[in-house]
Amino acid sequence: MYRQLMSRFATGVAVVLSESGDGPVGLTVNSLTSVSLDPVLLLFCARHSSRTIGPLLAIGRFSVNVLCESQCSISQYFAGQTECRTPIIIERQDGFAWLAESNAVLRCRVYATYAGGDHQIVVGNVVSMHGPALSRPPLLYHEGKYLRVNFNAADVESDTSGYGAFD
Ligand SMILES: Cc1cc2nc3c(=O)[nH]c(=O)nc-3n(C[C@H](O)[C@H](O)[C@H](O)COP(=O)(O)O)c2cc1C
């Protein structure tokens, strides 16, 4: 029941990626949340059984790659579901690895970790970031399925309650 109801909370999709001695390791997440602006912090939650989380914490840095809809097969690949049908282009600098063509790339150092039941809560301090000037159509996830945005956000009345969503 809990999983079913929480799956109605529609999210974006991101890949958390680290460069290990054996090459890149990553996992697909939708538990990504912005935490703080000063310092700039985000968090994601990773299952204890994740093969990525051990190396990632040992390396101490990772990139968060916010996916666009053209990267759906990359999401499936890093969720361990398929061979990737599209080429995965990885760019590297200063010990970080990230996915080309992402809607946003946030390079983080591990800031803190917390126990969260069968998951680990990983807080990252964003040390650098980049993204295309204009957002590409995002990849969305809802009730266990990938979705595309099929309405124009400009048609929807929005109230960001002073959060400065576009800062
Ligand atoms: C859209 C989507 C979102 C996911 N979000 C998470 C998440 O937030 N945390 C998590 O631990 N697993 C999440 N998963 C499952 C992992 O991606 C999956 O278990 C993956 O195989 C873990 O890889 P690893 O064991 O190599 O680290 C998600 C899967 C999908 C398809």
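Note on the stretch 14-54: Cα-only Rg and Dmax are 11.7, 34 Å.
Taking the Cα centre of each part, how many Å lie between the stretch 43-101 and the stretch 1-32? One Cα centre to the other: 9 Å.
Among 64, 25, 127, the largest mean-square fluctuation in a Gaussian network model of the chain (Cα springs under 10 Å) belongs to 127.
Compare 23, 60, 124 in a GNM of the chain, Cα atoms joined below 10 Å, and give the one with the largest fluctuation. Taking springs between Cα atoms under 10 Å, the residue moving most is 23.
Across the stretch 81-130, the relative contact order, built from alpha-carbon pairs under 8 Å that are at least six residues apart, equals 28 percent. With coordinates expressed along the principal axes, the C-alpha atoms belonging to the chain extend over 47, 39, 39 Å, beginning with the largest.
Which value at 222 nm does the chain reach when only helices count, each DSSP H run of 4 or more adding -39,500 (n - 2.57), with the total divided by all residues and rounded to the nearest 500 deg cm²/dmol? Display every interim value, and only then the final one.
Details: 3 runs with 19 residues, N = 167.
Mean residue ellipticity, 222 nm, calculated: -2500 deg cm²/dmol.
Can you give the longest stretch of the chain with no exposed loop site, where a site means GluC sites (Glu not before Pro) in a DSSP loop (not H, G, I, E or B) with at most 13 other C-beta atoms within 10 Å?
My reading of the result: 1-82 is the longest stretch.
To the nearest 10, the accessible area of residue 96 is 10 Å² with a 1.4 Å probe.
Charge tally for residue 146 (other residues, Cβ to Cβ under 14 Å; Lys, Arg +1; Asp, Glu -1): +1.
Comparing mean-square fluctuations of 93, 120, 71 from a GNM of the chain with C-alpha springs under 10 Å, the top value falls on 93. Over all distinct Cα-Cα pairs of the stretch 7-87, the Kirkwood formula returns a hydrodynamic radius of 13.5 Å. Here the spin labels are modelled as points 7 Å beyond Cα on the Cα-Cβ line, and at residue 51 and residue 84 they lie 1.5 nm apart. Working note: Cα atoms of the stretch 65-158, range along each principal axis, descending, whole Å: 39, 33, 32.
The values are calculated or read from the model by the stated rules, or taken from the named source; none is laboratory data. As the structure is a prediction and not an experimental result, all values here were calculated from the model. Backbone-built Cβ (ideal geometry, glycine too); neighbour counts: all protein chains shown. Note: accessible area is taken over every heavy atom of the protein model, side chains too, but ligands, DNA and RNA are not part of it. Shrake-Rupley method; radii C 1.70, N 1.55, O 1.52, S 1.80 Å.
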